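The values are calculated or read from the model by the stated rules, or taken from the named source; none is laboratory data. Values in this document were obtained by computation on a predicted structure and should not be read as measured data. Cβ placement follows ideal geometry from the backbone for every residue including glycine, while neighbour counts extend to all protein chains displayed.
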Amino acid sequence: MTGQGPRLHWATRLPAGRPASLLVRPAAINLLLEEEQFSFTFDPLGRLHGAFYQGRNYRRSLDNRVLAKWPAAEKGQKERRWLAREEARGLVQVAQGLAGQMAAAAADAPPAVAAALASLARWDWAALEADRQRFQQIYTPVGILPPDQYLALVVQATHGCSHNACTFCTFYQDIPFRIKTPEQFRQHVADVLDFFGPAVAMRRSIFLADANALVIPMPRLRALLQGLQPAALPRFAFIDAFHVERKSVADWQELRADGLARVTIGMESGHDPLLRWLNKPGDASDVLDAVTRLKAAGLQTSVIVLLGAGGDRYAQGHVADTVALLNAMPLGRGDLIYFSDFVPQADAPYAGLAAAAGIETLPAAALRGQENAIRAGFVAQNPARPPQFARYDIGEFVY
Ligand code: SF4
């Protein structure tokens, strides 16, 4: 056994001599089968969080679904799918079985290891299903987060999106926009903290959800940010560009002082005809104004470019005007430019509008071409402190 601070690594052998170990940290518990290169990760409460098992990666959501990912036959590509319930249950049973074998071999283990193994034993499939129901009573569906926020503690100050009319977006289609009252929000946060318990230690930030939560008027928003726990965690949120200008730079500075660290804007494109066709609120000048205000207030900013939006019809203008808009933005170190591939949604108006207009969806290779062209055309305002490029794959999202 080796121990360092709050981190404890305990090694043992399972039946048939299989070497295994348990890593107990404040933020997670890891069960490792070393020679077989399997690993299972649990949150500090003992709930299965993810696994690498038999060549596949798994992530379990708090509403108890499991996304599996594995390398595709084509080099550099990967495949993924949500497991059927019985498959997800099977994965949980494998984790439980291994934890049980470790517990049987843990008679002389340190108390922290015995406590961690006891916590794993509590979370069988029935307990995780009951937990899913509890989660769904506290949250409306968490539609999407930026990829840098998948390990955030989500608190829903609003539900849905105040615009909810972009033709490609279905994230909040069935959720009418509403702002929680201060009392409702206080109760929600208390319920969230009770639900996570010690598993809050796994969360690295607080995400103020859903879309456009920052439209809440200043006094209410400040009170809400100031009351959030854990107080030390930085706060993040989405907003659409059109709404940023309803707050002054001084307002954004106050929100920064209240812990707001980064704001993410779905800019999609710098091409105004495309933004109009997508029914985005605002235009490219609104996005530039929004980013300029947020940066003037000292906030980190991320912007999302929707590759392939508007298909073949808008491709040229989309790339050229997106490069021009990004180059005009005062983005620097700590800021992110996300590339998100357009993914047609069956129940979004986009497909019907595109078909009626004779617009062809672009193949994946053309989307990579758009990404490469935008990267190549981008010139950071301060080349010594450029923003970072990253992929935003909405199919990877698990909360
Ligand atoms: S503003 Fe964002 S969340 Fe709202 S409908 Fe448009 S893309 Fe969807």
Task: Scan of the stretch 108-159 for residues that are under 30 Å from L221 (Cβ atoms), away from the ligand (no atom under 16 Å from the Cβ) and of a type in the set (A, V, I, L, M), ordered by number - done: I138, L151, A152, L153, V155
Open item on the list: Is it the case, given these coordinates, that L294 is assigned to a helix (DSSP H, G or I) and under 24 Å from the mean Cα position of the chain (by Cα)?
Closed with: yes
Open item on the list: Let me confirm something: among S285, S269, which residue is without any contact (Cβ under 8 Å) to a residue 12 or more places away in the chain and among the hydroxyl-bearing types (S, T, Y)?
Closed with: S285
Open item on the list: As an exercise: evaluate L67 against (1) in a loop (DSSP other than H, G, I, E, B); (2) at pLDDT 95 or above; (3) aliphatic (A, V, I, L, M) and give the number of the one condition it does not meet.
Closed with: (1)
TODO: Looking only at the stretch 217-226, decide whether some residue is in the same structural domain as A290 (by TED's automatic domain parsing) and under 19 Å from the mean Cα position of the chain (by Cα).
DONE: no
TODO: Please find, within the stretch 233-255, the residue that is nearest to H318 (Cα to Cα) out of those that are acidic (D, E) and more than 16 Å from the ligand (Cβ to nearest atom).
DONE: D251
Open item on the list: Kindly evaluate A380 against the criterion of being buried (at least 16 other Cβ atoms within 10 Å of the Cβ), more than 24 Å from the chain's Cα centre (by Cα) and over 17 Å from S269 (Cα atoms).
Closed with: yes
TODO: Kindly check whether there is at least one residue in the stretch 61-70 that is exposed (fewer than 15 other Cβ atoms within 10 Å of the Cβ), without any contact (Cβ under 8 Å) to a residue 24 or more places away in the chain and aliphatic (A, V, I, L, M).
DONE: no
TODO: Please state which one of D210, D258 is within 14 Å of the ligand (Cβ to nearest atom) and in the same structural domain as S285 (by TED's automatic domain parsing).
DONE: D210
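Table: residues versus (1) farther than 25 Å from L208 by Cα; (2) surrounded by 15 or more Cβ atoms within 10 Å (Cβ to Cβ); (3) touching a Pro at 6+ places or on another chain (Cβ under 9 Å).
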position	(1), (2), (3)
L288	no, yes, no
L307	yes, yes, no
I337	no, yes, yes
P363	yes, no, no
